[in-house]
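Below you'll find the structure, written out as structure tokens, and then a few comments.
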Amino acid sequence: LRCVADHCTALTRFVMPLWTRCTTNAYQRLFERCSQLQHVHLDACSDVHDAAFVALARSAARHLTHLYANECRHVTEITLHALAATCPNLTHLTLVAPSSGTTD
């Protein structure tokens, strides 16, 4: 992911498949460097924290239109606030938390 962040800074679409796990720091670096991102699809976010999504919101604020993130165990209202405050063109947002097996 570091190589992509360092050499593909003009990316507009980024998809990370389910079988790939990366750290918050790796995603944060990518999102900080790739400020043209419009579509982000992350299938494995179980180890990703707010800092990565805040970096995405700040860096790609004017461009981001779609964000899908699955298995968001460590994402809080901090991420939602950052996206709402800085991404006026965001039209599709899906943050999926892991299933706990319980219901209200």
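The values are calculated or read from the model by the stated rules, or taken from the named source; none is laboratory data. Note that the structure is predicted; figures quoted are calculated from it, not measured. Every residue, glycine as well, gets a Cβ built from its backbone with ideal geometry; the counts of neighbours run over all protein chains shown. Side chains included, ligands, DNA and RNA excluded: accessible areas come from the protein's heavy atoms. Shrake-Rupley method; radii C 1.70, N 1.55, O 1.52, S 1.80 Å.
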request  = Give the residue that is nearest to Leu37 (Cα to Cα), with candidates limited to residues of the range 70-98 that are open to solvent by 70 Å² or more (accessible area, probe 1.4 Å) and β-branched (Val, Ile, Thr).
outcome  = Thr91
inquiry  = Given (1) in contact with a strand residue (DSSP E or B) (Cβ under 8 Å, 6 or more places away or on another chain); (2) modelled with pLDDT of 95 or more; (3) of a type outside the set (Phe, Trp, Tyr); (4) in a loop (DSSP other than H, G, I, E, B), identify the lone condition not met by Leu56.
reply    = (4)
Subset of the range 12-50 [farther than 17 Å from Asn89 by Cα, aliphatic (A, V, I, L, M) and without any contact (Cβ under 8 Å) to a residue 40 or more places away in the chain] = Val15, Met16, Ala26, Leu30, Leu42, Ala44, Val48
ask   = Exactly one of (1) within 20 Å of Asn89 (Cβ to Cβ); (2) crowded, with 17+ Cβ neighbours inside 10 Å; (3) under 10 Å from the mean Cα position of the chain (by Cα) is unmet by Ala60. Its number?
value = (3)
